[in-house]
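Okay, so here's the structure we're looking at.
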Amino acid sequence: ASDVYKRQVLVCVTMAFVSLRLIDSKFDNRRHLYSAIVIGCVSIFFSHTAILVLGACGVAIALAAINQSSKSVWVQVAIIGTAWIATFSLNYFLFLRGFGEGEEIQNYWSHAFLPPLTSFEAAKIWYDRLSSIYAYNGISGSAFNLFAFLGLSSLATLSRPNSFLARFGMALLLFSAIVSTLNIYPVSARLSLYLNPAIILITILSLIHI
């Protein structure tokens, strides 16, 4: 099982890297474009959470493309998005359809799904889940540390709206929260190790800003 979670982390780091290279090249390097397409498509078959990572990368890439006036940039964005979505659809219909609906996996994951954030009790569960991820990194999951991290993350995102790291990290956390409230994939401790790179990147960005 640990190898599965390691692959999820590897996919997250790799996709963040190739996406950042594409953006840094200002969409003017075909090799970086092909790398993003190929690595993204392949990663879908090696990690269940790859689609969340690709979604976050897609948001960051699309936001970076807004600053480009060339139509060819948007063509590249469309090609990347189409390739990733088509590959995920193929993987879903061939292998994943019904996977998360099994009684055994639902029972295993049931403790780690996030409830809709509509009450104080729900907010407490969200806090417990986030704390479990934060503490799993070997750092205290105390309320102070957790809210300090969230505050710094928000500050980094607002102060550096054009930063790929901020866009990618916050989008990944948001997508993960959404799919968990829909009971698609859990958020808790080792089940969410793929979030570690995003947490580390946002923390570094926050400290650099300070």
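The values are calculated or read from the model by the stated rules, or taken from the named source; none is laboratory data. Just so it is clear, the model here is predicted, and its values are computed rather than measured. Glycine also receives a Cβ, built like all others from the backbone with ideal geometry; neighbour counts cover every protein chain displayed. Ligands, DNA and RNA are excluded from the accessible area calculation, which covers all protein heavy atoms including side chains. Shrake-Rupley method; radii C 1.70, N 1.55, O 1.52, S 1.80 Å.
Miscellaneous remarks
- The calculated FRET efficiency for residue 189 paired with residue 69, based on their beta-carbon distance and R0 = 30 Å, is about 0.10.
- Under 13 Å from residue 71, Cα to Cα: aspartates and glutamates that are on another chain or at least 8 residues apart: 28
- Extension gain, residue 105 back to residue 21 (0.36 nm per residue minus Cα-Cα distance, nm): 26.6 nm
- Sorting 170, 15 on solvent-accessible area from highest to lowest, probe radius 1.4 Å, gives 170, 15.
- One decimal place: the segment residue 31-residue 124 gains 28.9 nm when fully extended, by the rule 0.36 nm per residue minus the C-alpha distance.
- A probe of 1.4 angstrom, applied to the heavy atoms of all protein chains, finds residue 108 with accessible area near 110 square angstrom.
- Protection-proxy order for peptides 25-31, 78-84, 114-120, each taking the mean of Cβ atoms within 10 Å per residue, highest first: 78-84, 25-31, 114-120
- Taking each residue as 0.36 nm, the span from residue 94 to residue 9 lengthens on full extension beyond its C-alpha to C-alpha distance by 28.2 nm.
- Solvent-accessible area of residue 72, all protein chains in place: 60 Å² (probe radius 1.4 Å, heavy atoms, ligands and nucleic acids excluded).
- Note on segment 174-188 and segment 11-86: Cα centroid distance 22 Å, given to the nearest whole angstrom.
- Principal axis dimensions, largest first and in whole angstrom, of segment 1-69 by Cα: 45, 20, 15
- With the simple spin-label model, which puts each label point 7 Å out from Cα in the Cβ direction, the residue 42 to residue 86 separation comes to 1.9 nm.
- When all protein chains stay in place and ligands, DNA and RNA are ignored, the 1.4 Å accessible-area order of 163, 110, largest first, is 110, 163.
- Take residue 181: with every protein chain present and a 1.4 Å probe, its accessible area is about 40 Å².
- Segment 1-123: C-alpha pair distances exceeding 26 Å, %: 33
- Over segment 12-87, accessible surface divided per residue gives 48 Å², non-protein components excluded, 1.4 Å probe.
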